[in-house]
Amino acid sequence: MKDRYGRSIDYLRISLTDRCNLRCRYCMPDGADFLPHSEILRYEEILRLARAAIDLGIHNFKVTGGEPLVRRGAVEFVEQLKQLPGCGQVTLTTNGVLLEELALPLARAGVDGINVSIDALDPARYAAITGYDVLDKVLRGVQASLAAGIRTKLNCVLLASAEPEIVPLAELAGRWPVDVRFIELMPIGEGSAGGGLPPQRARALLLERWPNLHPVNERRGNGPAHYEASEGLKGRIGWIDAVSHRFCEQCNRLRLTSTGELKPCLCYDASVDLRALLRAGAPDDALRAAIAQAVEHKPAHHCFDQYEEITEHRRMAQIGG
Ligand code: SAM
Ligand code: SF4
């Protein structure tokens, strides 16, 4: 479905939970006041919304959180979502802690791709960033995902304190057939305190190591990443620089929070309350109309460069990153 700026909206990020088994410094360092289960959408409620979205041409989904794999039944949910008539790609974003055990079941469930978040390869620095000493487990999860035949990407948030990690992380694209994507820290939640590493600085470090790194015009997923290649790397290097390189003209997405708010843009607190509709017994056409309303109200662009205009003050884990 097209929005009022002519953008094609065909992608929905679904947050399964606001809970997480890590405490990333830039996301939820002190945990959160987790919501009671009754406030979280049940799987059958999410599937009903997904069917309504598919009817409107929104047929690709990313399952996220919080940490989606900590919610019981997440694999079965992926399978049911994938089986909905008209469903396109179903991919998952995870911190990888539970992936070693769940990669094969996820492959059998039909997942089309998995993004694993990993911001450092030095165990002490990884633990300092995430609050837990589980780097080895995450790396085994990445290998399990590859062994299960799943298209696997690594997502690394660019942190000034992790500058020495940039080249070693990129080297994983030489060791394994994975794309390594660097995400600019966004002023969302704890990220608004700063501490990001500018993407230009990270790229300069990579150019010292791979002087022939060059942009490639490839689409490798449903998101806004742009990619670079080097003969020395099996996978690509990706850049998701939402702040310094605004890509809102190509934005194709909506976000569904775990409590059923449908958000047209990360930057603003505006949302449509789909849970209220679901629980009031709304028919399918009312759900479709509400989703269409969110598309209709999708703003032209975010406002991350003008802090005072940001009205979304929750963390990524609460919104659905
Ligand atoms: N727990 C899963 C994970 O870590 O992949 C899924 C949810 S997490 C909120 C999704 C992504 O958002 C992760 O890659 C995380 O690093 C990123 N993220 C969280 N806060 C961010 C911020 N302020 N700026 C940029 N990326 C952020
Ligand atoms: Fe958890 Fe992901 Fe947030 Fe880290 S970024 S605390 S793994 S939700």
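State the Kirkwood hydrodynamic radius of the chain in Å, one decimal place, computed from all pairs of distinct Cα atoms. Let's see the in-between values first.
Working: mean 1/r = 0.0503 Å⁻¹.
When all Cα pairs of the chain are included, the Kirkwood radius is 19.9 Å.
Please find the FRET efficiency linking HIS37 to ASP269, where r is the Cβ-Cβ separation and R0 is fixed at 25 Å, and quote it to the nearest 0.05. For HIS37 and ASP269, the calculated efficiency is 0.60. Ordering ILE9, GLY221, GLN83 by Cα displacement along the dipole of the chain toward the positive end leaves GLN83 in first place; charges were set at the Cβ atoms of Lys, Arg (+1) and Asp, Glu (-1).
3J(HN,Hα) along region 188-199, derived from phi through the Karplus expression 6.51 cos²θ - 1.76 cosθ + 1.60 where θ = phi - 60°, amounts to 10, x, 5, x, 6, 6, x, x, x, 9, x, x Hz, with x in place of Gly and Pro.
Most exposed first by the Cβ proxy, i.e. fewest other Cβ within 10 Å, how do TRP210, TRP176 rank?
Values: TRP210 21, TRP176 18.
By the 10 Å Cβ count, ascending: TRP176, TRP210.
In the structure shown, the pairs LYS62/LYS137; LYS137/LYS234; LYS82/LYS234; LYS82/LYS263; LYS2/LYS62 are assessed against 27 Å; a Cα-Cα span above that value is assigned to LYS82/LYS234. With unit charges on the beta carbon (Lys/Arg positive, Asp/Glu negative), name the residue among ILE166, GLY66, ALA144 whose Cα is farthest towards the positive pole of the charge dipole of the chain. Value: ALA144. Neighbour counts of other Cβ atoms within 10 Å put LEU207, LEU121, LEU102 in the fewest-to-most order LEU207, LEU121, LEU102.
Fully extending the segment from GLN83 to GLU231 would add 49.4 nm, taking 0.36 nm per residue of separation and subtracting the current Cα-Cα distance. Less than 5 angstrom separates the built amide H of LYS62 from those of LEU12, ARG13, ILE14, THR91, all sequence-distant by 5 or more or on a different chain. Please figure out what share of the DSSP beta bridges in the chain is antiparallel and state it in percent, rounded to the nearest 5. Counting DSSP beta bridges with both partners in the chain, the antiparallel share is about 30 percent.
For region 166-202, backbone nitrogen atoms closer than 17 Å to the point 7 Å from HIS301 Cα along Cα-to-C-beta are found at 187. When shorter helices are ignored and each DSSP H run of at least 4 residues is given -39500 (n - 2.57), the per-residue value for the chain at 222 nm works out to -9000 deg cm²/dmol.
Among VAL142, VAL90, sorting on how many other beta-carbon atoms sit within 10 Å of each Cβ, with the fewest leading, yields VAL142, VAL90. Simple rule: put +1 on each Lys or Arg Cβ and -1 on each Asp or Glu Cβ in region 11-319, find the dipole, and look at ALA109, LEU262, ILE54; the Cα lying farthest toward the positive end is ALA109. Close amide-amide hydrogen proximity is noted between LEU159 and LEU197, each under 5 Å apart and 5 or more residues distant or on a separate chain (H modeled in the peptide plane; Pro and chain starts excluded).
If exposed means no more than 16 neighbouring beta carbons inside 10 Å and the site is in a DSSP loop, what's the longest run of the chain without any exposed GluC sites (Glu not before Pro)?
Numbers: sites that count: GLU218, GLU231.
Within the chain, the longest run free of exposed GluC sites (Glu not before Pro) spans 1-217.
Treating r as the C-beta distance of ARG175 and VAL243 and R0 as 30 Å, the FRET efficiency rounds to 0.50. A simple spin-label model places pseudo-atoms 7 Å from Cα toward Cβ; at ALA286 and LEU146 they are separated by 5.0 nm.
Taking the Cα centre as origin and putting +1 on Lys and Arg beta-carbons and -1 on Asp and Glu beta-carbons, what dipole magnitude results for region 11-319, to the nearest 20 debye?
660
Applied to region 164-179, the Karplus parametrisation 6.51 cos²θ - 1.76 cosθ + 1.60 on θ = phi - 60° returns per-residue 3J(HN,Hα) values of x, 8, 4, 5, x, 5, 5, 4, 4, 6, x, 7, 10, x, 10, 7 Hz, with x for Gly and Pro. GNM remark for the chain: springs join alpha carbons under 10 Å apart, and the peak mean-square fluctuation among VAL63, VAL295, VAL216 falls on VAL216.
For region 43-77, trypsin sites (Lys or Arg not before Pro) meeting the loop criterion (DSSP other than H, G, I, E, B) and having at most 15 other Cβ atoms within 10 Å: ARG72.
Any read-out appearing in this document is the output of simple, stated calculations on the displayed coordinates, not a laboratory observation. Fair warning: this is a prediction, and the values are worked out from it, not measured in the lab. We place every Cβ from the backbone using ideal geometry, glycine too, and count neighbours over all the protein chains shown.
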